[in-house]
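Reading through the structure tokens given below for one structure.
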Amino acid sequence: MKHSEIYRQRRAPYGFPFLDTEATKLLQDKTRESQSVLQSLGYERVMPPSLDYPDTFSDNERFDSFRTRDHLGDDLSLRSDVTVQVIKGYANLIERSESPVRRFFYTVPVFRDISRSYPALREVYQIGAEAIGLTAASAVGELLESARKIMQEIFQESPVFLTGDVNAYYEVEKFLGRDDLRDIVRNKNAPLLAQAFLSVGLDYGDAENLSRLLLFAPVTNEEYNSRWENLRPGLPLELARTLENIRSDLLSLLQNLPVAVRSISRIEPLLIRKTTYYTDFIFEGYIQGIKSPALRGGSYNHLVEEYSGQSMPASGFALDLSALSRI
Amino acid sequence: MDKPLRIALPKGRMSDDSVEYFYRHGITSFSKFSVDRELIIADKEKGLEFLLIRSKDVGAYVEQGAADIGVLGHDVLAEHNFEVLTPVALPFGACRLSIAYPNGKTDWQNKRNIRVATKYPKLTSRYFFERGFNITIVELYGSIEIAPLTGISDVIVDLVSTGNTLKANGLSEEESILDSTARLIVNPVSWVFRRAEISKMIDTLTAF
């Protein structure tokens, strides 16, 4: 028998580990702690299906590796993201619901390719919360406060939150007439972004300074404000006006966050998510020692309407509990 | 006292250029590394620690968080797609990634299957495929210039700074694929947790 066949017989597939009793207990304890935080804040548990129609998931999250078919031959995919599933489920409940404001949470595994440069299929255990019917400004504060409590509880450490507005990215994309900036922004590649600004006629200094301010904002809001005020007169009017509006919305969001959240939150002027349904504020939460953000979320104001016909704001987050094993 | 900020540099010319450049901007307290073979060098006065490693490893060290910051050529960064942040283009390490062919063999483009020797398979494949060429990559790790002379490739794609090495090996430069200088790179988590120190360094290097 070949060595690889013996390996297959005795081991779980790479990326899909068998959790031993110790790891299971840790995950179970941390899940319970997280759930009790969310339940105490009025979130109700839902259990979306493991499989769904591939169109349910955001465009960038469909992977052939996780496809199967139902008895009619229709494609099904293991879930890569739970938010849309929860909204689909909520759309069916909406007519029966007495109050349009509903809060849900889930704890489920999702299936993803987590690497940008090589295939790395993984089963990721997530706890997520969705607040439906609350405006983005009030939902983000509530969600970040519950995420802070959960992260503090399970990682025994205070997170740092980065908060941005996805519209700043779309505005820059529109201004530059390009739709290929996601990698440049995700890698915060300031020299490449500056080149893009130069190519549409910004002068060298403004292009360099704007790209650095958008991607590497200074720590204090005072410093950020003063640099923005220096830069603004040199920018094309429409771009300056839109970025200014987004900036003041972000500053006001930050100002209205619960005190404990505000002190660990930073503005990230140009932030973008891989998932494409976000329409407003987005955020990430980091824990020291974990390579990628353990928490991701934001506001998605079109999804409820898409599935239920009723216009309603909504926001949510997903926290990667598998990150526990990476500390 | 806070943990020193760890900076990974590629051993050789680029680490010399980096430390000299940092010194001129007041970031380090010395302008040269000692001639010892130490691979970890502390600048206690400035709270920095340098790791001198192979250039390709700089990206991995910074990506994995073993170093907070690194200096790396744009060519290596573009080839390997490391998950790191890039705040600043630095004004040294200038070179270009170019196609070169043996002197006089101007008909190399007419071959049905062009064999290309390179250390940069991803950038090379992308460049040729986008232009509709059918190529076979011969991935080598050094002395690329002798590949056409020994018959294992028709052309090469390699870094050129002055062009003297190409000339010495009977090669002509056809076209540049990528212009490169050094880049300051930053670990994404270090950017979140050590933002004040890293911001200060970026500001010093760019004199905002």
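Rule-based calculations on the coordinates, nothing more; no lab input. This one's a predicted model, so the numbers in the text were calculated from it and none came from an experiment. Glycine also receives a Cβ, built like all others from the backbone with ideal geometry; neighbour counts cover every protein chain displayed.
Only one of (1) away from chain B (no Cβ under 14 Å); (2) crowded, with 17+ Cβ neighbours inside 10 Å; (3) more than 27 Å from A:Ser34 (Cβ to Cβ) is not met by A:Val140, so which one is it?
Only one criterion in (1) away from chain B (no Cβ under 14 Å); (2) crowded, with 17+ Cβ neighbours inside 10 Å; (3) more than 27 Å from A:Ser34 (Cβ to Cβ) is unmet by A:Val140, namely (3).
Kindly list, by first and then second residue, each pair from a residue in segment A:158-172 that is under 12 Å from A:Phe281 (Cβ atoms) to a residue that is of a type in the set (D, E, K, R) and assigned to a strand (DSSP E or B), limited to pairs with Cβ atoms under 8 Å and residues at least 6 apart or on different chains.
Cβ pairs passing all conditions: A:Phe161/A:Arg266; A:Phe161/A:Glu284; A:Leu162/A:Arg266; A:Leu162/A:Glu284; A:Thr163/A:Arg266.
Do you know which residues across segment A:144-167 are in a helix (DSSP H, G or I) and touching an Asp or Glu at 6+ places or on another chain (Cβ under 9 Å)?
Residues satisfying the conditions are A:Ile150, A:Met151, A:Glu153, A:Ile154, A:Val166, A:Asn167.
Only residues that are more than 13 Å from B:Leu90 (Cα to Cα), more than 7 Å from every other protein chain (Cβ to nearest Cβ) and of a type outside the set (Asp, Glu): list them for segment B:178-208, please.
Scanning segment B:178-208 gives B:Leu178, B:Val186, B:Asn187, B:Pro188, B:Ser190, B:Trp191, B:Arg194, B:Ile198, B:Lys200.
Within segment A:269-294, track down each residue that is touching a Gly at 6+ places or on another chain (Cβ under 9 Å), more than 8 Å from chain B (Cβ to nearest Cβ) and over 17 Å from A:Gly316 (Cα atoms).
Passing the criteria: A:Pro269, A:Leu270.
So which of A:Asp183, A:Asp179 is surrounded by fewer than 17 Cβ atoms within 10 Å (Cβ to Cβ), away from chain B (no Cβ under 14 Å), of a type outside the set (S, T, N, Q) and more than 30 Å from A:Ala260 (Cα to Cα)?
Unique residue meeting the criteria: A:Asp179.
Answer with yes or no whether A:Pro191 is out of contact with any helix residue (DSSP H, G or I) (no Cβ under 7 Å at 6 or more places or on another chain) and within 11 Å of chain B (Cβ to nearest Cβ).
Against the criterion (out of contact with any helix residue (DSSP H, G or I) (no Cβ under 7 Å at 6 or more places or on another chain) and within 11 Å of chain B (Cβ to nearest Cβ)), A:Pro191 qualifies.
Within segment A:235-264, how many residues turn out to be in contact with a Gly (Cβ under 8 Å, 6 or more places away or on another chain) and surrounded by fewer than 17 Cβ atoms within 10 Å (Cβ to Cβ)?
2
Look through A:Pro119, A:Pro159 and report the one residue that is within 14 Å of chain B (Cβ to nearest Cβ), surrounded by fewer than 22 Cβ atoms within 10 Å (Cβ to Cβ) and more than 30 Å from A:Ser311 (Cβ to Cβ).
Just one listed residue meets the conditions, A:Pro119.
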